[in-house]
Structures are given as C-alpha cells and as structure tokens.
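> This structure is in structure tokens; I'll ask about it shortly.
The values are calculated or read from the model by the stated rules, or taken from the named source; none is laboratory data. These numbers come from a predicted model, not from an experiment. With ideal geometry, Cβ positions are generated from the backbone for all residues, glycine too; neighbour counts draw on all protein chains shown. Heads up: the accessible areas ignore ligands, DNA and RNA and are worked out on the full protein's heavy atoms, side chains in. Shrake-Rupley method; radii C 1.70, N 1.55, O 1.52, S 1.80 Å.
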There are 2 protein chains.
Amino acid sequence: MRPKAVAVIGASQRAPASGTTREPRGNRVIRNLRNFGYSGRIVAVNPKYSEVMDCPCYPDLASIPEPPDCVVLAVPNRHVPDLLESAVAAGVRAGVVFAAGFAEIGIEGKQRQARLEALSKERNFLICGPNCYGVLNVFGKAPLFASPIPPGFLAGPVALVSQSGGLSTTIANALMLNRHVGLSHIVSCGNQAGVTVEEYLNYFVEDENTGVVAAFVEGFKQPAKLMAVAQKAMAHNKPLIILKGGRSEVSQRAAATHSGSLAGAAEVVDAAFRQGGIVQVRSLNELIDTVSLFSCETFVKRHNGGRRIGVLSGSGGECTLVSDAAMNVGLEVPELSDDSKSRLPEILPDFGNLNNPLDGTGAMYDDDKIFPRLLQALINDANIDIVTVNLEANDPRPKELKSGNRFSLAITNAAVAANKPMAIFSSVVGGPVDPDILLPLRTAGVPLMEGAECAMSALRHLADYHLFRKHWESRGQKEATLVSSHPKLPAGILPAEAAFRLLASFGIPVVPTLLTRNAEEAVTAAKRIGFPVALKIESTQIGHKSDVGGVALGLSSSAEVRDAFGRIRERVTAKLPAAEIAGVVVQRMIPEGIEMILGIKHDALFGPVVVCGFGGVLVELLKDVALGIPPISRQQAHSLLTGLRGWPLLTGLRGKPPADVDALCDAIVRVSQLAVSLGDQLLALDINPLVVHAATHGVVAADALVQIA
Amino acid sequence: MRPKAVAVIGASQRAPASGTTREPRGNRVIRNLRNFGYSGRIVAVNPKYSEVMDCPCYPDLASIPEPPDCVVLAVPNRHVPDLLESAVAAGVRAGVVFAAGFAEIGIEGKQRQARLEALSKERNFLICGPNCYGVLNVFGKAPLFASPIPPGFLAGPVALVSQSGGLSTTIANALMLNRHVGLSHIVSCGNQAGVTVEEYLNYFVEDENTGVVAAFVEGFKQPAKLMAVAQKAMAHNKPLIILKGGRSEVSQRAAATHSGSLAGAAEVVDAAFRQGGIVQVRSLNELIDTVSLFSCETFVKRHNGGRRIGVLSGSGGECTLVSDAAMNVGLEVPELSDDSKSRLPEILPDFGNLNNPLDGTGAMYDDDKIFPRLLQALINDANIDIVTVNLEANDPRPKELKSGNRFSLAITNAAVAANKPMAIFSSVVGGPVDPDILLPLRTAGVPLMEGAECAMSALRHLADYHLFRKHWESRGQKEATLVSSHPKLPAGILPAEAAFRLLASFGIPVVPTLLTRNAEEAVTAAKRIGFPVALKIESTQIGHKSDVGGVALGLSSSAEVRDAFGRIRERVTAKLPAAEIAGVVVQRMIPEGIEMILGIKHDALFGPVVVCGFGGVLVELLKDVALGIPPISRQQAHSLLTGLRGWPLLTGLRGKPPADVDALCDAIVRVSQLAVSLGDQLLALDINPLVVHAATHGVVAADALVQIA
C-alpha cells in the first residue's frame, strides 16, 4: 500500500499522447503516480529502452540496482507467472497484476492463477489481482492503478474495495462528483489470487485514514476472516457497507466467469452480514447513498439512533412518495408534536398545513420567509429524530429555472446551528448535481441523497447499524462459547439412538428413545419409557418412515406395542425387502406443540450453517427459514426467530398460549455449538420436528437425522 | 385543451423581469403562451390596467367583448369561487385554478371546493385544479401552465398527468432532458374539483398525438371510469403507466392533505391495475425509465414479447449485478446459443468469454474491433429476445476520460440494421446524461435507461404488457357477464339457510343445510341429508360458533344427532344466556379438502372487491389473499389464484393430488357476479371455508356469512 519504490513492467516509449484511450496501462500507471505526487522511486522494465517517460528503464527485474518493494505488471497474462517468479527472486515483496485471463476462463487460465496462488502462499508474496485495476492509496499518494485518474481527486474517509475494476471507478466517481464524498483508498482486487477481499477489509478497518469501508464483492474466499473483520470493525466503529453481487444462478455464473469466485448461497451471505453487523445494500445507488450518509461525520454524530423522520418538501406529491418509501423500509414519519402544531400558526398565520411530511406548497416559493421557519419547526420538533429536506439539487433545467438553489443557503444556515441530523434528498435520481448546492451543504454536515427510496434505505441502514452497535456494546465482550472439538464419529447416517445421544450430550432435549430388536424388547422398553409410546422402524436406508408403514403412534398398552411391532416389520419388509433393518425404536409420545425444524446444513463457502424454521407450509411453500453462522449467541438466536414470517405463531396467535421461546433459543445455541464442535465431520443435521411446547414447558427433538463425513 | 381565447386573471404591470421567481403566475402564463407560440387571443383581467404585457386588459370578465373559452385564475383562493361563478355567467366554458387552500386544508377550504364542484356538476363548467399547475397542450401550443417552461421543449407522444404540480415538471424535465422523450401534454390536476384524473386519462387515450399515457396519481375519484379507460386504452393499444402514491397510512394522510384525495386501499388499487392491464410502477425513476422504453416506437415494434435478455458490458461486475436485477423481476438471462458459442471464437480468436451477460473485459477498450462483433453476436443469437448494452452515458468525469462515447456509434450503426430491440443502460443512476450519446441512439430506436434495476423493471413491464394484450386480444370482446340487479334483501346478517340459498342461486355449490328447531326436526333433517352430519348453532349474534361449544361434527346416527342437539343448546345457553338462538342447522359432513376463503369486502373507493385465499396460517399470518374487481372472468380468476403464495398447494404439493382449480375459478366468477348483482346492498360476504376437493370433484361452501346493508 505504501511502496518506497515501484517497478512498472509494460510501459513503452511507443506510447501515444496522454488522454487517448490506447495509452498502454504501464504508461498510465507512471502518469498516475506522477500526477498524484508519488514521492517514491519509479523505474520501468523493458529490454528495448533505457528510459521511459523520464524514468530509468532496465531490461529485467534482476538488473535493477536496488530492488523495488512492488512491481506493477501491465503485460499480457501469459507473461505474468514467470515475471512474478522473477520478482520474488529479485527480492520484490508485492505485485499488482492487471491482466485478465486467469481463473475466470478455462483450464489454461486456472493453471496460470494456480502459479500465482502458490507464490502468494509459499513465498508470502503479496498479489493484487489478477484481472483488476490495482490499488490506489490516496493519502500515501500511491496510485498503482490502471484507470486514468481525473484531476481534483477528492481525499476523504471512505475506503472502497471492488472486485470489479470498472465498477471501482464508477462508484468512486459517483461518490466524489455526485456526492462530494472523499476516498482514502480504491482497491480493485479482481480474482484475489493473493490478497483477498477480507484482507483488504481488515487492512482498512485498521487504517487510520479510513472511517467507512465500502465494498462491491462478488465472492468471498475466507468467510471465517470476514466474520472476524466484522467484529473488529464493530470494535473500531468503522461501518462495513457491502454490495454483494451474485445472488442468482445466472449472476453466480457471471461472477464465476468474471473473477473465478465461488459466490456461496445468497441466503447464507445475508445471514452472515446480519450476524456481523455488516450493512448490506442492494444496488449501486443504495451503496452510494448509504456511503454518503455514513461518511458524513456531523450527521452520524448528531444521530441518536432514532427512526422518526421529518420531511420538508415544496411538492405535495413527493410528501406522499417519501412516506411510502419510509414505510417500505420500516421508518416512521410521525405526526408533528402538539407544540409544533400550536406554534406554527403563530409564526406562519396563513399557512394551513401542519403535517409531517410538511408540504411547503407554492407558498414557500412565493415567500422567502416561509421555508426557514418550516425548517426550524421540524428541527425543534420533539417527535422528530432526523430532518430531511426534499430539494432538487439535480434539476437538469437551465440554471435560472432551478428552485433548489434558493433554499440551500437557508438549510446550510440552519444546519450550522442545529443539533439534529439533517439531510437532503432529490425526488428523481439523475441529472447533474449542482455543486453550488452540494458542496456547502456537505461541508455543513448535510449529506445529499438522490431519490426518496435510496434516501430512506440509507437512513434505515444507519438506524439499524446504531441498534446493532448498542446491542453489541451492551453484551460486552463476545459471549464465551468455548467448545471443544468432538471426537471422530463413524461415517454415514447415525442410528437414531446415537443421533439422540449426540444431541443430548450437547444439552438438546430429546424424546426418550430405545432401540429394540423384537416385540418383547419393545414391550420392556415401552414400560421403561412409560405409555403411550410410538414405534418407528430403524434403518439408515429409509428416509420417510411413515411412507412405508414404518411408524405406529399412540400405543398405550403392552399388547398394542406387541401388535404394532409385528405389523411394522411386515409392512416394511413387504415394501422394501432389501432394506437393512436395525430394529424398531420405541419413543415416548410427545404432547402436541408447535412443530419446527432445526438443523445444520453445509454451505459450499461458509461451511456449517444453522437452519431454523416452522414445519408445514411455511417451510415447504415459503422456505421461511432463518440461517445463522455458528457459534450463535442467545440474542442472535432470538433475532433469528423474530425474523421468521411465522414468528407470531410462537408469541401466541389467535388466543393460543405463547411458546417456550427461551428453550427454543437455547436449543439453537446448543445446535450451533454442536456444529462448531463437530466441524467438518458433520455433513448435515436435521431435527424434524423439534416440538416447542407452551412457555416454560420446553422443547423436545422428536426425530433427528445426523450425517457424518 | 384547445382554447381559442384565454383570459388571465392575476397578471399585473407590477411584474418584475422575466426569470425571477417572484413573477406573478398570471404573467408567467402569458409569457408561457407567447413563448410557446399560442395563436389564440390572450386578454388580461385586472381593474387597475388597460393593458398588461401588451394584452388588452379589462376590469372584469363581463366587460370582455367576446367571452373567452377559458379563464386562468392566478389569484388567491378566497377570490376563486366568485370569479368562477362570474366566468360561468359571462359564458366561459372552462377554468384553470392554480391556488391551493381548498379541500386539502380545513373546513373553510372544503366549503370553497364545494362551490367549485357545484359549478362543475350543475353548470357543466370544466375546472382544472384547484391546487395545481394547470394544463399544457404541446401540439395545440396552449400552455395554461403556472411553472416556467424552458426553451427547447420537446414535443412527442407522451401525455403526462400528475396531481402534483411540482412532480409534473420534475417528471417532464427528466423525460425530456435525461431521456430525450417528448411530450404531447402535461396536466397537473391537483384536487380534481372539476375534471378528474380518470377523465384526463380518457382524453389522452383518445388523443391522436398521444401514444403513451403516464401518470402520477394520489387518489382516484371514479374507479368505474378508470376500469373503462383501461379497457379503451387496450383497444387503442395506448399503455397507461401509473405511479400510484399513498400506499401507507402516513402517505394517505399526506395525500389527503395534499390534494384532498381518498386513496383507497393499496391492495385494491394493485388488483384493479393488474386486472385492467395498467402498468404500475413503484418509483419516479421506474416511471421515467418505463415511459422511456414504452415511448420508443422502434423498440416496441421490434419487441416480440420475449423475456430473454442479452447483455453486453465492459464491466464484469455489472454483468453480475444486472443478472441479479433481471432475476429479481423475473426476466431470463439465458446462455448463448451453441451457434454463437461456436462462431465467436472464429471472429474473436483470443476472446475467452462466451457467456451472457457477455463481458467485453478490458479487451473491448483496447481493441475497437471487439465491441461491434460482440454486439452483433448478441443481435444474431437465437436465444436472445432483447439486446441491452451497459454504457456509461452519465459518466460525471471530464469528457476525455469517458468511455461511453466510443461505443455509442457502434450501437447506433448496429441498431439501424438490427431487427431485434436494443436498449442501453448505465450502471449507476445519476450524473449528467451525455446528449452526444443519448440523442443519436434514441433516434436510432435505442432508448436509454439508468441503472440495472430500473432497466430490468421497465423491460419486465413491457413483456407483461405484451402478454396482457395477447390474452386480451385472444379473448376477443369482453366476456358477456350480464348480471341483473338482485331484489333487495333484508338488512343485517342473513340466517345460514338464506345465505346458502343466495349462494346457490348464483350457482355456487353449498353444503346441504337445514335449519331445525328441536332434536326431532334435527333427526329428520339428518336422515334427509344423509349421515354423517354436523350440527351448528344458528344465531346471527354468535361469531365463532365452536368457541361457545356450538358445533358438533361427524354425527353418524339419529341418537348421536339427538344427543348433540341437546348438548349444543345447553352449552351455548350456559355461555351466552342472552343470545337469540334461531335453532340448530344440520349440514352434511364434507370430505376433507383444501380449505380456502372466498368473499367480498367493501372498499371505500372501489366498492365491492372479491377476496380469495387459503385458510390457516397463510391468510392469518401472511395475509396471502388475492383481490379482484367484479365482474371477474374465468381467466382473471385463474390468474388471481396463480398469484397466491399458496398456489402450489392447489397444484399438488408433495405428492398430493391436484385440486379442482376449474371449479374454484368458477366459484370466484360466480361470487363476482353475485357482487355485481347485489351492488351496494351487500356489505360483506365471507365463505369460510370453501372446501376445494381433488380435480373434477368440485368445491363446496361449508359456511357463509352474508351481511346486507
């Protein structure tokens, strides 16, 4: 990030003049370094010349008298592995590789990338890329960057990581030019053959020039590190704002093509973000506006975590639309306080509207006294946490027809004196943002957002982040979840008894269950367990036991048990003559309760993931399940449950008693500990159903399937 | 809309110079008329002057020698009613009222508006407003419009109706300046005291200069007319694209304040739009991009209704994001055809990517031959219906650093020769759109949209519209649903027998039900109906009958019926001694099936609305119901059902047999006919449950509550 000397491979004297697009990337890097005021040494490597763009030029890396820290490779992909190996040999510590044509294309590319990965792992050589635009350290004045950098680059607190090179500049330019938000770094890390997204995020969380970390990510490589970085980001109070692409099958195909990334199931990524307090945005514009908001220090400082939005607009229509947008994301637009309602008519006698959103109507355009008074009324109103003003800062009309400019000075003045967070938003997104409006307001701590939808989403993210931090701080240090590694279990599907024993050993309540081999054993077992009992065929080869007549319920005497035993064996043997039958298990009948599913599935990227949801149509039809990355705390378990659509079923729907949510949370926590303890040897665990009884009456696992690797 | 002479009340000689914002609105209207080349006569009304802005000025309307067609009132609200009454007296036929302060504020305002409404109804006087910017007829060159009109106004096929004045110009400017989309009219109709939104929509559907009608609406006034306009729009193939504000409680409060509109339940409006083929958008930007697409004649003509999108981008990251956006709205991004996959390597030997989205990578910037070839490959690909190109037409950087311009010529050239619809979209929304890119492409039939999300939404709307039209055309003329008006029923809740009779008279299958007054009558009834039967207490005062012990099920003998009769009477009398009991009904027990709810509720705006959904958690927890405006055709009934989350339950989930969807559709159609026939006398109807049996086994109403006004 802060090289003392850089060698550029791929710069040439044949370079055409600046500004044309065909300039070789190597030359562009040298130009960028010069324009940015890089103070280190720049050398070029090219056997044809002795100097390039006034830099000393050497035939190869070995010939450079004092080896540089870093080498920038602006050469075709086929030369990259050899050159990097020679760089390592010459004592270079890091390299930036622009070229595409690695893991994102066929076998040849994957082999090329493997050589880079080997250098990174075995020789501890730092690689940015390949298939990227490189690294731009703004405060270190070191742009090892493939794309032209416009003059007047705005330095500031935002570090931006984007796997995609093109989007890195698109996002950066929009932040700087449309939002007046400055950057501390831009990193386009492409295929992550060396340094990963997670490592860059970690670096920026620790970086003193960075206050907010924004990222566009297609695929993570080190999920455990991501969760650790999220923790560290909380400790440093540096929000991570991430746009994660690749949610659909097609886009995962695209991402794999683009950067050779494994995307991981979208729902698992969502769960990880939620659990780590990472702000997840869903579009480039939401990213830009959320970063615009989070990076506005004055706004964030003044924000008390509240969700009650006040709106002032000159358009009644926008009042309606912003109210819809606020409702959609779960923000409140409360009525004005009685105090405001009684005072407003005093200061504005002829003004009829006393609502929030506050519609300034045509009157506010006709009389300059009205706008500042309405604005101040919102600032003073005790019902309102955040004051927003709808202002056309991006009006594409000729300057003399714009109305926004007339009000921006009044907002700036009010903002300087206010102790409440203030923001402005336009109605339509698009058009040139007027710097005469944008800059003074941003300087006064009033960020601009475009469009009610993005503005409300960004404000919601900030309130959510605030709430997450509050919980995070209140629970102090991370809950101790020291879980020792579990001894190796036999591979395959565990027999029912063993599965239940495993659950019980982690403190998960299970239904008393005994394996029996004949009718008399079953009767004895039933007596030990206590009537009524259920009998179930025991075979690791049979999935849906009731489908083959392998289940008998509600047996309340020895005779019934004896009968049922024979019947089950007969029916199953008739239907599945080849199935290996271990016997029949006898279980206590469980009183009715809410049937849920609780289990662990294995995500290709994140490994074990805890899954919890309701049985029946909710899970079958709506896939209404909550996911959590183990270990899960009680608080996290609780918020998993409240996030389910079926949550009201647990609190007592239509007069039914509330369920034992405490015991359910406990079971989730313990299942997550089981996942940690068993680690990779656990392929899948499925408690179905977990019966949840009324409050204080506990939960019990009625059936469990455990699959060991 | 096309006045021969206009009188402007509220223009003054005291007007400051053009361009300042304090110019009186009356003067602004005269200026707008002049600038727009209005060919009719303009007179001013003001007792102080004999001429204003070179127009003859009269002391009052009566003094004008030849009365104008139309009067424009740019005066404070308190003068409006008197002036309009004098206008009617003077023979004026129409008026535009800018002033606010009518139904949207307190009682005084409502009274003022009532006088305007009376003039409109009783004297047939056309009023636009109050609380609006007025009417701008572009081709008629008649801008009776309160807002300054920029020079270079772009005429075109889009008529825009916006209740909000401010948003009318915001939307119009964004269309003209950011999308190069021309307008035929702008109407800001405010409180609709005279002409309603529906009437303007109707006018534009018939207008020869208009091809696409766009609207921002807060509240409808004439829902029946809206449905008729939607039919007419289909017949003329003029899409109605509407942004409906006021979905939330707060925004309905805002809308009521803003334009005194009754918003109607958001879900009912959604249902009406869906049923009428009205394109519903959810944000201003979605409105702008959808209008941009629908108004691009070449694109629409070339579009075959397909949903398979091809994408070409220079950014791999955007390939991922646009794929996510396409998936979110239900568009396909198919793989390239085998033909393309085999040909591409021939024309581009070193190019590795053969995917859709097609990532041009850095190569496309370095080699000018690549982009046109990739584009042509998408155009030629048989798997792709619509070709989209990701192009930064709104790059805020200095011109020499922009990349979009390099590719726009290639797109224009390809578009001229192509027979496939082509569109461009930017990654980020915002920033100045480069006219050098926008104009030539739009002229070549390639519309611009900003942001993958809006672009994909707009394309989905077009595909949906296409599909709706196909269905609409195939069913030919509207299905005959002549329903005669039902004789008046007694007010209150109908007794069970009467309710079932009513349903049966409309052909809705009901469970055989007989009211009995004593145990012996019940036994006789049970024998007539056939065992097993159910007994239910009959009282219009008891809601949940089973909660008070008023239900006995599965009675299979006379003795059981006799017993149950006594038990029910005793239990209910014990629990509700004061309830009036009409007797006990005997019903045939219905075999198990899928329990649904089917009914009619009364919407404040739309009147009767058919409601259909699944019983149990789906309706209780998820409010998973479909709404339809009666009368409903079989096809509409079917699409109501497929829109339910629970729809897979009807097609046979997890091996269960598919349900009798035909009979269910039939029941929905008949309930909708019942709603039409009973009209306003029906307050509510609730069939719960309607039991749906397996295919060909029909449906049956097991219980019904009918409430008559």
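> A:GLY310 passes all but one of (1) in a helix (DSSP H, G or I); (2) more than 8 Å from every other protein chain (Cβ to nearest Cβ); which number fails?
Every listed condition holds for A:GLY310 apart from (1).
> Further, regarding this structure: Out of all the residues in segment A:469-490, is one or more within 14 Å of chain B (Cβ to nearest Cβ) and part of a loop (DSSP other than H, G, I, E, B)?
No: zero hits.
> Can you tell me which condition A:GLY362 does not meet? The list is (1) over 23 Å from A:GLN280 (Cβ atoms); (2) at pLDDT 90 or above, and all the others hold.
With (1) over 23 Å from A:GLN280 (Cβ atoms); (2) at pLDDT 90 or above applied to A:GLY362, the lone miss is (2).
> Filter segment B:385-420 down to the residues that are among the basic types (Lys, Arg) and away from chain A (no Cβ under 14 Å) and list them by number.
B:LYS420 - this is the single residue of segment B:385-420 that is among the basic types (Lys, Arg) and away from chain A (no Cβ under 14 Å).
> Identify, please: which residue in segment B:523-552 is assigned to a loop (DSSP other than H, G, I, E, B) and either modelled with pLDDT of 95 or more or hydrophobic (A, V, I, L, M, F, W, C) (or both) and is, among those, nearest to B:ALA496 (Cα to Cα)?
Here is the first cut: in segment B:523-552, the residues assigned to a loop (DSSP other than H, G, I, E, B) are B:530-532, B:539-544, B:549-550.
Cutting the leftovers down to either modelled with pLDDT of 95 or more or hydrophobic (A, V, I, L, M, F, W, C) (or both) gives us B:531, B:542.
Details: B:PHE531: 20, B:ILE542: 12 Å.
Checking each candidate, the answer is B:ILE542.
> Follow-up. Considering each residue of segment A:319-351, count those that are assigned to a loop (DSSP other than H, G, I, E, B), under 45 Å from the mean Cα position of the chain (by Cα) and not hydroxyl-bearing (Ser, Thr, Tyr), and give that number.
Residues in segment A:319-351 being assigned to a loop (DSSP other than H, G, I, E, B), under 45 Å from the mean Cα position of the chain (by Cα) and not hydroxyl-bearing (Ser, Thr, Tyr): 6 in total.
> Within segment A:360-379, can one find any residue that is open to solvent by 10 Å² or more (accessible area, probe 1.4 Å), within 14 Å of chain B (Cβ to nearest Cβ), assigned to a helix (DSSP H, G or I) and in contact with a Pro (Cβ under 6 Å, 6 or more places away or on another chain)?
Checked segment A:360-379: no residue is open to solvent by 10 Å² or more (accessible area, probe 1.4 Å), within 14 Å of chain B (Cβ to nearest Cβ), assigned to a helix (DSSP H, G or I) and in contact with a Pro (Cβ under 6 Å, 6 or more places away or on another chain).
> Looking only at segment B:537-564, count every residue that is within 15 Å of B:LYS575 (Cβ to Cβ) and basic (Lys, Arg) and tell me the total.
1
> So in segment A:415-430, with the set limited to residues that are buried (at least 16 other Cβ atoms within 10 Å of the Cβ) and either of a type in the set (S, T, N, Q) or out of contact with any strand residue (DSSP E or B) (no Cβ under 7 Å at 6 or more places or on another chain) (or both), which one is modelled with the lowest pLDDT?
A:ALA418
> How many residues are of a type outside the set (Lys, Arg) and open to solvent by 10 Å² or more (accessible area, probe 1.4 Å) if we restrict to segment A:304-314?
4
> Determine whether A:ILE64 is crowded, with 19+ Cβ neighbours inside 10 Å and not aromatic (Phe, Trp, Tyr).
Yes.
> Let me ask something else about it. Tell me yes or no: at least one residue of segment B:409-427 is in contact (Cβ under 8 Å) with a residue 60 or more places away in the chain and closer than 17 Å to A:GLY431 by Cα.
Checked segment B:409-427: at least one residue is in contact (Cβ under 8 Å) with a residue 60 or more places away in the chain and closer than 17 Å to A:GLY431 by Cα.
> Could you tell me how many of the residues in segment B:159-199 are more than 10 Å from every other protein chain (Cβ to nearest Cβ), open to solvent by 10 Å² or more (accessible area, probe 1.4 Å) and over 16 Å from B:ASN131 (Cα atoms)?
The qualifying residues number 2.
> So, one more: If you take the residues in segment B:318-333 that are out of contact with any strand residue (DSSP E or B) (no Cβ under 6 Å at 6 or more places or on another chain) and within 7 Å of another protein chain (Cβ to nearest Cβ), which one is surrounded by the most Cβ atoms within 10 Å (Cβ to Cβ)?
B:THR320
> Just name the residue that is nearest to B:GLY109 (Cα to Cα) out of those in segment B:125-137 that are away from chain A (no Cβ under 14 Å) and open to solvent by 10 Å² or more (accessible area, probe 1.4 Å). Quick ask: steps written out before the conclusion?
Narrowing segment B:125-137 to residues away from chain A (no Cβ under 14 Å): B:125-128, B:135-137.
Then keep just the ones that are open to solvent by 10 Å² or more (accessible area, probe 1.4 Å); that gives B:126, B:135.
Details: B:LEU126: 20, B:VAL135: 23 Å.
Filtering first and then ranking leaves B:LEU126.
> I'm trying to understand the selection: among the residues of segment A:216-230, which are in contact with a strand residue (DSSP E or B) (Cβ under 7 Å, 6 or more places away or on another chain) and crowded, with 24+ Cβ neighbours inside 10 Å?
A:PHE216, A:VAL217
> Let me ask you something else. Which residues, counting only those in segment B:23-54, are assigned to a loop (DSSP other than H, G, I, E, B) and crowded, with 16+ Cβ neighbours inside 10 Å?
Across segment B:23-54, the qualifying residues are B:GLU23, B:PRO24, B:PHE36, B:TYR38, B:GLY40, B:ASN46, B:TYR49, B:MET53.
> Return a yes/no flag: does segment A:149-156 have any residue that is in contact with a strand residue (DSSP E or B) (Cβ under 9 Å, 6 or more places away or on another chain) and crowded, with 24+ Cβ neighbours inside 10 Å.
No - not one qualifying residue is present in segment A:149-156.
> Could you grab me the full set of residues in segment A:83-110 that are over 24 Å from A:ASP60 (Cβ atoms) and either among the charged types (D, E, K, R) or more than 9 Å from chain B (Cβ to nearest Cβ) (or both)?
If the condition is that a residue be over 24 Å from A:ASP60 (Cβ atoms) and either among the charged types (D, E, K, R) or more than 9 Å from chain B (Cβ to nearest Cβ) (or both), then A:ALA103, A:GLU104, A:ILE107, A:GLU108, A:LYS110 are the ones that fit.
> In the list B:THR170, B:THR210, B:THR196, which residue meets the criterion of being more than 30 Å from B:GLU450 (Cα to Cα) and polar (S, T, N, Q)? Working first, answer last.
Values: B:THR170 fails: more than 30 Å from B:GLU450 (Cα to Cα); B:THR210 fails: more than 30 Å from B:GLU450 (Cα to Cα).
None of the others qualify; the one that does is B:THR196.
> So, B:VAL446, is that one open to solvent by less than 20 Å² (accessible area, probe 1.4 Å) and assigned to a loop (DSSP other than H, G, I, E, B) or not?
It is true that B:VAL446 is open to solvent by less than 20 Å² (accessible area, probe 1.4 Å) and assigned to a loop (DSSP other than H, G, I, E, B).
Results for (1) under 30 Å from A:VAL676 (Cα atoms); (2) open to solvent by less than 40 Å² (accessible area, probe 1.4 Å), shown as yes or no for each residue.
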{"site": "A:ALA498", "(1), (2)": "yes, yes"}
{"site": "A:PRO509", "(1), (2)": "yes, no"}
{"site": "A:VAL561", "(1), (2)": "no, yes"}
{"site": "A:ILE568", "(1), (2)": "no, yes"}
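> Looking for something in contact with a Ser or Thr (Cβ under 9 Å, 6 or more places away or on another chain), open to solvent by 30 Å² or more (accessible area, probe 1.4 Å) and within 13 Å of chain A (Cβ to nearest Cβ) - is there at least one such residue anywhere in segment B:334-351? Spell out the reasoning first.
Restricting attention to segment B:334-351, the residues satisfying the condition of being in contact with a Ser or Thr (Cβ under 9 Å, 6 or more places away or on another chain) are B:351.
Applying the additional criterion that residues be open to solvent by 30 Å² or more (accessible area, probe 1.4 Å) yields none.
No; the residues of segment B:334-351 include none that is in contact with a Ser or Thr (Cβ under 9 Å, 6 or more places away or on another chain), open to solvent by 30 Å² or more (accessible area, probe 1.4 Å) and within 13 Å of chain A (Cβ to nearest Cβ).
> Find the strands (runs of 3 or more DSSP E) located wholly in segment B:572-684 whose residues include 3 or more that are crowded, with 18+ Cβ neighbours inside 10 Å and at positive phi, and list them.
none
> Here is a follow-up. Does B:ALA504 satisfy being without any contact (Cβ under 8 Å) to a residue 24 or more places away in the chain, of a type in the set (A, V, I, L, M, F, W, C) and not in a loop (DSSP other than H, G, I, E, B)? Walk me through it before giving the result.
Details: without any contact (Cβ under 8 Å) to a residue 24 or more places away in the chain: yes; of a type in the set (A, V, I, L, M, F, W, C): yes; not in a loop (DSSP other than H, G, I, E, B): yes.
Judged against the criteria, B:ALA504 is a match.
> So B:VAL300 ticks every box in (1) assigned to a helix (DSSP H, G or I); (2) farther than 26 Å from B:PHE606 by Cβ; (3) open to solvent by less than 10 Å² (accessible area, probe 1.4 Å); (4) more than 9 Å from chain A (Cβ to nearest Cβ) but one. Which box is left unticked?
(3)
> So which residues in segment B:200-241 are modelled with pLDDT under 95, within 14 Å of chain A (Cβ to nearest Cβ) and over 18 Å from B:GLY129 (Cα atoms)?
Within segment B:200-241, no residue meets the criteria.
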